Amino acid sequence: MKKERIRTLHSLVTMLTYKRKHGTESIKDFCARYLHPTFGHPDKDGNYVLIVGDKPNILYAAHYDSVHRSDGRQKVKVSGGVATLHPDNEVECLGADCATGIWLILEMIDAGIEGVYVVHAQEEVGCLGSKALVKRIPYWLGAIDAVISFDRKGQSDIITHQMGMRTASDAFAHSLADILGLGHKPDDGGSYTDSNEYAETVSECTNLAVGYTDQHTAKETQDLDYAAELRDALIEADWSQLVFERDPSVVEWAYGQDWGYPFRGFQSYYSDSLVEEDSLDDYYEIIRDYDKALAKMLEDWFQSPYDLLDELQRYGADPFRSPLLRRYK
Ligand SMILES: [Zn+2]
């Protein structure tokens, strides 16, 4: 194995020694050591976001929380190219879900691969970080054609469906498999990860196998040889060859079946206006902190709340989502 490979794999194994339960000292230490130096401070929802390149169209995603139950560090055993939890530890988990994803992201950033890189907060408790991020509509989101989570078990899947709903086209999955050249295959059995939160907005939202097994258990393993191969493939891939086909406004179920999940509703449209992220963020902050005063100001400006909804429609809002209008109808 090349020296360079051993050095970077050593850093993955060290990452696995941090338990990453939300709110603990050890998750803070992990972020301070691995995320802060590259990403700076997280956004107000706790997500670490870094943009590499000029208007990148691919978002690479991971999450920094794990399903550990306690604070602190743990021992990791490496044998035969596979990392596992050392038997000395309490029965928790290895946490390759999603440390391996973060490691891949750091390696890609280091190699200068263009993209929006997001290490999300609190995925394991309902994708809270990604949910909040998508809701805020960051200025760069309109340019994104694909969201690729590095958060899938095994070594072969490129997820096309999450919770039975299509989030990526087969054409996209095949094109991703082709540029990686590691024999990946489309798989419609995905459960639910951060990329799913983007599926109403972004064309192709997938989850890629990163080589762990038995995640969330004490038997969790991470294949380090596969991780290294995947890292090299991600860095050498010709990302311009990806195919974007899925229409995010169209809902499609696996097996052509409606499983009874609520209809996704209208697609939101984002204006291409070049609003700087900072200034938009400042407005969000004002809306949050001065909601009552803002309501009074809008009352002065508009004849009725329905006029305000009309006006908001010009900015891409769907007025029929407002309970007010539903009551009115
Ligand atoms: Zn995960």
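The values are calculated or read from the model by the stated rules, or taken from the named source; none is laboratory data. Computed from a prediction, not measured in an experiment: that's the story for all the values here. Ideal geometry is used to build each Cβ from the backbone, glycine not excepted, and the neighbour counts take in all protein chains shown. Remember, those area values only see protein heavy atoms, side chains included, never the ligands or the DNA or RNA. Shrake-Rupley method; radii C 1.70, N 1.55, O 1.52, S 1.80 Å.
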Discussion item. Can you find, within region 73-104, the residue that is nearest to the ligand (Cβ to nearest atom) among those that are surrounded by 15 or more Cβ atoms within 10 Å (Cβ to Cβ) and farther than 28 Å from L234 by Cβ?
Written reply: E92
Discussion item. Which numbered condition in (1) under 30 Å from S79 (Cβ atoms); (2) buried (at least 24 other Cβ atoms within 10 Å of the Cβ) is the only one that N196 fails?
Written reply: (1)
Discussion item. So for region 202-210 (the condition being in the same structural domain as R7 (by TED's automatic domain parsing), part of a loop (DSSP other than H, G, I, E, B) and within 30 Å of D282 (Cα to Cα)), does at least one residue qualify?
Written reply: yes
Discussion item. Cβ-Cβ distance below 7 Å, separation of 6 or more or different chains: which pairs start in region 63-84 with a residue that is assigned to a strand (DSSP E or B) and hydroxyl-bearing (S, T, Y) and end on one that is more than 16 Å from the ligand (Cβ to nearest atom) and open to solvent by 30 Å² or more (accessible area, probe 1.4 Å)?
Written reply: T84/K77
Fill in: Filter pass, I58 being under 29 Å from Y139 (Cα atoms) and touching a residue at least 60 places away in the same chain (Cβ under 8 Å)
yes
Practice prompt. Output the residue which, of all residues in region 85-104 that are part of a loop (DSSP other than H, G, I, E, B) and touching a Phe, Trp or Tyr at 6+ places or on another chain (Cβ under 8 Å), is farthest from F150 (Cα to Cα).
Written response: L94
Discussion item. If I ask for residues that are farther than 20 Å from A32 by Cα and open to solvent by 20 Å² or more (accessible area, probe 1.4 Å), which ones from region 48-68 would you list?
Written reply: V52, G53, D54, K55, N57
Worksheet item: Can you tell me which residues in region 105-122 are closer than 14 Å to S149 by Cβ and within 12 Å of the ligand (Cβ to nearest atom)?
Response: V119, H120
Worksheet entry | Qualifying residue in region 124-131 (condition: touching a Ser or Thr at 6+ places or on another chain (Cβ under 9 Å), within 16 Å of the ligand (Cβ to nearest atom) and on the phi > 0 side of the Ramachandran plot) | yes
Discussion item. Looking only at region 134-157, how many residues end up being away from the ligand (no atom under 16 Å from the Cβ) and either within 12 Å of E197 (Cβ to Cβ) or open to solvent by less than 40 Å² (accessible area, probe 1.4 Å) (or both)?
Written reply: 9
Discussion item. Can you find a residue that is open to solvent by 20 Å² or more (accessible area, probe 1.4 Å) and closer than 19 Å to V210 by Cβ anywhere in region 20-32?
Written reply: no
Worksheet, complete the sentence: Here the residues within region 165-193 that are under 17 Å from the mean Cα position of the chain (by Cα) and either surrounded by fewer than 17 Cβ atoms within 10 Å (Cβ to Cβ) or part of a loop (DSSP other than H, G, I, E, B) (or both) are T167, A168, S191, Y192, T193
Worksheet item: Quick check, is S240 modelled with pLDDT of 80 or more, part of a helix (DSSP H, G or I), among the polar types (S, T, N, Q) and out of contact with any Lys or Arg (no Cβ under 8 Å at 6 or more places or on another chain)?
Response: yes
